[in-house]
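The block underneath contains the structure these notes are about, expressed in structure tokens.
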Amino acid sequence: MNSSTRVPVSVIVPCYNDARFLGEAIDSILAQSVEPQQIVIVDDGSTDDTGLVVRRRRDPRIEYIKQPHAGVAAARNAGLNAARGEFVTFLNADDRWGPAFIGRMHDFLAEDVTAACAFSNFVWFDHSTGKIVRDQFPSYPELRRPVLLKDVPTAFARIPRERAFGVLVACNEIPAYMQVTMFRRASIESLRFDPSLAHGADINFALQTFLQGAVIFTDEVLAEVRLHDSNAAETAIHKLNALKAFAPNVTRTTDLDAYRDRLVKAHIDAALHQTNAGRVRAGLRSYGEGLRLPGSRLLKLKGSMRLMLALPRGLGH
């Protein structure tokens, strides 16, 4: 442990049979130039050497919770229940932070009491070679629009509360990466991850947070995220399920149009995924559901053209 400044941040690390990566993740937390006050490792029923990896890091701030295997959403919820810091952040057991992550995110939230969360850019790296593949922010071209408020000297921009949900739900890829987001605990006190949504739980949780306050972000790369092929094929389905489940949370009329358009897009994306995977009937069914929803006619027209091109020869003509 170094002699850096310590801030009221709780770090939550959910893990399941990640012993081969977990040491790197914990070491990246311990190497922060600004230290968190609490580190909660939630072992989701691992059968490997996860416990041994944790015990080797003899730091009094580390709290080890082991529970029966219930999935990453349940593990994150256990961490939230144990968190005591004014701010909360998550790190996946197979990812790692650069040394400035906690300090930068903490400063953003401490300087702006209207902000519910802050997130940063990150790079993907290939877990088999260690080589950097790409950074994430090009997937969010919408965040470079000049209408966003650039009034945070140390950040790229801030989106005020009344517009945060509408701007971020409209992104081509919703910025819902928990491992580069820090939350104000007061803003998420009543929120938890929905275990029934599997990989869509992150999106659902992030969107709920975007309703709570302003959102600050920086395009500075502050983390490295391990690139896996697992679960990637069903991402469109997870996103659709998460957005469907989110409907009861959209109560402000100013957010409704953006939500409806995003739900239509999610149906189209799911339809394309299913069609490309050979599940044509399921794809057409998803598209039909999206077509019947309120939303942009232009978006639906473009979706029709994309689906026609994806259909097997003979069906699209």
Review point. Under a GNM of the chain (C-alpha, springs under 10 Å), which listed residue has the highest mean-square fluctuation: Glu220, Glu24, Glu189?
Key: Glu189
Point to revise | Spatially near lysine pairs across the chain, Cα under 12 Å, sequence gap of 8 or more or different chains | key: 4
Check your understanding: Leu291 versus Leu256, label points 7 Å from Cα toward the beta carbon: distance in nm?
Key -> 2.5 nm
Exercise for review: Just check the range 92-216 against the gyration tensor rule for me: Cα atoms, a ≥ b ≥ c as the square roots of the eigenvalues, rounded for a/c under 1.5, and otherwise prolate or oblate depending on whether a/b exceeds b/c.
Suggested key: rounded
Exercise for review: With runs of 4+ DSSP H residues as the only contributors, calculate the mean residue ellipticity of the chain at 222 nm using -39,500 (n - 2.57) per run, divided by the residue total and rounded to the nearest 500.
Suggested key: -12000 deg cm²/dmol
Review point. Along the positive direction of the dipole of the chain (beta-carbon charges: Lys, Arg +1; Asp, Glu -1; about the Cα centre), which of Cys117, Ile268, Ile39 reaches farthest?
Key: Ile268
Revision key, fill the gap. Highest GNM mean-square fluctuation among Thr129, Thr251, Thr275, for the chain with Cα springs under 10 Å, belongs to Thr129
Practice item. With springs only between Cα atoms under 10 Å apart, run a GNM on the chain and tell me which of Arg285, Arg145, Arg57 wobbles the most. Key: Arg145
Review point. Hey, could you pull the Cα Rg and Dmax for the range 250-310, both in Å?
Key: 11.9, 39
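For the chain, with only Lys/Arg (+1) and Asp/Glu (-1) charged at the beta-carbon, what is the dipole magnitude about the Cα centre, in debye rounded to 20?
I would put it at about 1080 debye.
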Review point. For Asp48, which sequence-distant residues (separation of 5 or more, or a different chain) have an amide H within less than 5 Å of its own amide H, given hydrogens modelled in the peptide plane?
Key: Asn17
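Tally Lys and Arg at +1 and Asp and Glu at -1 over the other residues with C-beta under 11 Å from the C-beta of Tyr140: what net charge comes out? Walk me through the intermediate numbers first.
Numbers: positive: Arg144, Arg145; negative: Asp135, Glu142, Glu173, Asp219.
That works out to -2.
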Check your understanding: Running Debye on the range 47-99 with equal point scatterers at the Cα sites and no solvent, what base-10 log of I(q)/I(0) appears at q = 0.17, 0.29, 0.31 Å⁻¹?
Key -> -0.68, -1.50, -1.43
Point to revise | FRET E, pair Ala282, Glu220, Förster distance 51 Å, beta-carbon r, rounded to 0.05 | key: 0.80
Review point. If each of Lys66 and Cys171 carries a label point 7 Å out from its Cα toward its Cβ, how far apart are those two points in nm?
Key: 3.7 nm
Exercise for review: Report, by chain and number, residues whose modeled amide H sits under 5 Å from the one on Cys117, excluding near sequence neighbours (fewer than 5 apart, same chain).
Suggested key: Arg184, Ile216
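Answer rounded, prolate or oblate for the range 180-272, using the Cα gyration tensor with square roots of eigenvalues a ≥ b ≥ c: rounded when a/c is under 1.5, else prolate when a/b is larger than b/c, else oblate.
It is oblate, given that a/c is not under 1.5 and a/b is not larger than b/c.
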Point to revise | Cα Rg, Dmax (largest Cα-Cα span) when computed across the range 56-163, Å | key: 17.0, 49
Check your understanding: Say R0 is 35 Å: what FRET efficiency, to the nearest 0.05, do Ser4 and Ser196 get from their beta-carbon distance?
Key -> 0.30
Practice item. Tabulate in residue order the Karplus-calculated ³J(HN,Hα) for the range 178-192, using 6.51 cos²θ - 1.76 cosθ + 1.60 with θ = phi - 60°, rounded to whole Hz; enter x for Gly and Pro. Key: 4, 6, 10, 10, 10, 10, 6, 4, 4, 7, 10, 3, 9, 9, 9
Check your understanding: Label-point separation (nm) for Ser128 and Met305, each offset 7 Å from Cα along Cα-to-Cβ?
Key -> 3.7 nm
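Where a number appears in this text, it was derived from the coordinates with a stated rule and is not lab data. Note that the structure is a prediction, hence the values are computed from the model and not measured. For neighbour counting, all protein chains shown are included, and Cβ atoms are generated from backbone atoms with ideal geometry for every residue, glycine included.
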